[in-house]
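Peer 1: Once you've had a glance at the structure underneath, I'll fire off some questions.
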Amino acid sequence: MWRDAALVAGKDLRIEWRSRVGLNQVVPFAVVILVLFGLALGPSRRVLAPATAGLFWVAVLLSAVLAVQRSFAVEAADGAGDGLRLSGLDAGGIFVGKAAAVTAQLLVLEVVLGVVAALLYAAHLSGFVMLAASCVLATAGLAAVGTLYGALSAGSRVRETLLPLLFFPLVAPVLIAATKAWQAGLQGRPGSGLGWLSVLAVFAAAYLAIGTVAFGPLLEDG
Amino acid sequence: MTYVDAGYVVALVALAVYALSLVGRERAARRRLGGQAAHRPGGPAARPGRPGGRLGGGSR
Amino acid sequence: MSSTTANAVAAPVPAAPGGAGRAGHQPRGAWRGRLVAATGGAALLGIAATVWLGLWVTPPDVYMGNLVRLLYIHPPIAWVMYLAFGLAMLSSLGYLWPRTRDLRFDRLAGAAAEVGVVFTGLTLVTGSLWGRPTWGTYWTWDPLLTTTALLFVLYLGYLALRRVPGEPEARARRAAIGAVVAFVDVPICYFSVYWWRSLHQLPSVTAGKSYIHGSMAWTMLLGFVSFTLAFVWLVVRRYRLAGLAQAEEADGLALALAERRAEGEADAVGRPPGPAPLVEHGVGLR
Amino acid sequence: MPPAVRFRDAVSLAGRFPLLAGVTVEVGEGEVVHLRGPNGAGKTSLLRACAGLVPIVSGAAEVLGHDLVGDRQSVRREVGLLGHRSFLYEELSVEDNLRFAVRAARAPVAGIGPALELLGLTGRIGGARAATLSTGQRRRVALAVLVARAPRLWLLDEPHAGLDAAGRDVVDVLVAEARRRGATVLLASHELERAATIADRAVTIVGGQVVAVPAGAAPAGRGEEPLVAGEVAARPAIVGEVGCDVA
């Protein structure tokens, strides 16, 4: 299974690297969202700086949907989805691989976005370990849920609207916990964010486990 | 009308509407399935205005 | 898996008259129909009695005044909500478990979830109608309220997922996984919102402990019982409707199968002999 | 030897539409069988069912010893399907596509080079992105995947379509070569004459059912070694060609 996961993740990342859709479209999209938040909330630093963590994570959530949709659009082209089923790869491995690829892409996006947010909202990126740890755990959870729901809605004609409807309510705990952890980090008291890290870890672990088990039946739907 | 009254009205009306819609949809489905439902023993659906209807009427 | 698939294809065809997926035994069906009707009637009487007792008979509360009267419907409705989602979860697991895989579990899960969404909406509405006079606001970010609101959108998504067209087995599997995924989120959601709230240091907004008069306790109990009966009745009716919808689908399927075979027989050169039971099946139905 | 493919009254559905309406067919190990029939008769569905892509909802179906009714996954590593679409990732190069498919199927990576060579995909085209390929080239890549994977059962859906004359000859060579290695081939094709020259016998599908098995098309003892040897010997030209190409 791990071998298959590595194979799929490598394939997805290679596709992303070749096409650069993530770099050329998703990252600018996320930056635009940060700018729009700034415009909506006004230029006051006193408003923007405390809201940085929340706005950052909302932007990540919105981008995550795009990344997941992209990840499954790649499989839908030229019958490649059938190819994936025919390939004889372990379904759990495919799930872990795709989730890992989405995680890697989102982490790159978060680095860029974090810098932009710090510049735009005049926030200090202190408590770096806290920020990085919450990013990794939160993103793993987002990618797991996203991949699961991406496969769940992939076959349908309404996937563009169905995926966000399923995805956003479910990741509410991630939004809360990641925002809180970031606030703790940004305010220079990372210790108070440890509880939130554990929420993120539980979330990621739960959905990675469910996805590994449930992905096989889901793939067979197509 | 007080908040309490409003709460009761909303709850009962919503439940009544939902129950009636279920009964209506079931009857429509049986009609679409044709005469096959004819020999079905008189389930509550076969009789008009059964519990669903009364739930609506009896809420007040 | 495929043997149950075969059942799913074949079974509803003769079962079509039964509606709920079970045909045959007329006495049993009648008995069952009467039981459902009795449940509906009891629920109706119970709710009517709860309303009468709640609005006119019971005394106003010492602290809450007349607002206490919402106590007779709001908690029972919220209880039914949890009951519904619990039932949806259990029957989804029943579907996913290979040994009990049966489309009836899928229909039950769908029915329970839909009724659950209705009750979740009512929980939110009655809750905020209670909150306005009590706390001075329709909405607070109380953990229970927030989780309930998330539950509402979560299961709206689940119902949307159920409506995505597809082969019945595939649809059922998707829906069952969706239900499990959604249900696992509920406790995580509750705890994260709870912590989130407690960090804000705002006062808890759960109802204050007040003295409950004897008649009040009985009325509340009656509320719980009758709303639960109403839930049972609604779920049974919704389940039966789903059964009818499936029978309709199976009906079309038998027709399609017969047509497809006629296409083959039209220019069959020398069809290999041998029984093709489904042909007779399909033709017999028409 | 058990048959490579055995279907009995197999029914398969797409939503409410019966793709297969009770197929009964048997193909021996090492046989090359031509599936024919009008459009929409169920040829493609039968091939996809053999690959475990389409669920069998009633009847019995067994492919290479795997019971498709119980488990559709395990058969997939042993069959190779050439479908209407070529299962390629647009952004990846031809070689990357091939490498991913071969490693996923746990086939030896060493087979990639010879496969590319056999299908004339060496040189610059090997590094080209799949999105830039023509239809014919895409099919060649898809065929190269099959060659490199060396499945026990080849499922070819209109393999000649979209290929030029040279490409069509390559397909015939590949089929003969697969047979020489003992693989079974199921081939759906509208090109009756061409298919007749490479297949041992034909099976006709209409309306999701096998309607006739012309007894004359397959001499007695179908699927057993002597027959295959005889058949191959009857077409020495092709065998010779294959020998050259592969060696």
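Peer 1: At 7 Å along Cα-to-Cβ for each site, give me the label-to-label distance between C:Ala245 and C:Arg32 in nm.
Peer 2: 1.9 nm
Peer 1: Treat every Asp and Glu Cβ in chain A as -1 and every Lys and Arg Cβ as +1, leave all other atoms uncharged, and give the resulting dipole magnitude about the Cα centre to the nearest 20 debye.
Peer 2: 640 debye
Peer 1: Please work out the C-alpha center-to-center distance from segment C:67-92 to segment D:1-65 and express it in whole Å.
Peer 2: 50 Å
Peer 1: How far apart, in nanometres, would the label points at D:Ala196 and C:Ser215 be if each is projected 7 angstrom from Cα along the Cα-to-Cβ direction?
Peer 2: Going from the D:Ala196 label point to the C:Ser215 one covers 9.7 nm.
Peer 1: For D:Asp71, C:Asp251, what's the fewest-to-most ordering of other Cβ within 10 Å of each Cβ?
Peer 2: D:Asp71, C:Asp251
Peer 1: With just the Cα atoms defining each centre, how far is segment A:5-30 from segment C:230-261? Give it in Å.
Peer 2: 44 Å
Peer 1: OK, next. Pop a pseudo-label 7 angstrom from the Cα along the beta-carbon direction at both C:Thr100 and D:Arg181 and give the gap in nm to one decimal.
Peer 2: 4.8 nm
Peer 1: Taking 0.36 nm per residue of separation and subtracting the Cα-Cα distance, what length does fully extending A:Asn24 through A:Leu107 add?
Peer 2: Extending this stretch completely gives an extra 28.3 nm.
Peer 1: Fewest Cβ neighbours within 10 Å first, please rank D:Asp164, C:Asp102 accordingly.
Peer 2: Fewest to most other Cβ atoms nearby, the residues stand as D:Asp164, C:Asp102.
Peer 1: Also, I was wondering about something else. Mind jotting down the distance between the C-alpha centroids of segment A:87-152 and segment C:114-153, whole Å?
Peer 2: 32 Å
Peer 1: Let me ask something additional. What's the exposure ranking of D:His66, D:His190, going from fewest to most Cβ atoms within 10 Å?
Peer 2: Fewest-to-most Cβ neighbours within 10 Å comes out as D:His190, D:His66.
Peer 1: Let me ask something additional. With springs connecting C-alpha atoms under 10 Å apart, model chain A as a Gaussian network and identify which of A:Lys98, A:Lys180, A:Lys11 has the largest mean-square fluctuation.
Peer 2: Comparing A:Lys98, A:Lys180, A:Lys11 in the GNM, the peak value goes to A:Lys11.
FYI, it's all coordinate maths here, none of it is from the lab. Here the structure is a predicted model, which means the values were calculated and not measured. Cβ sites come from the backbone with ideal geometry, for glycine too, and all protein chains shown count toward neighbours.
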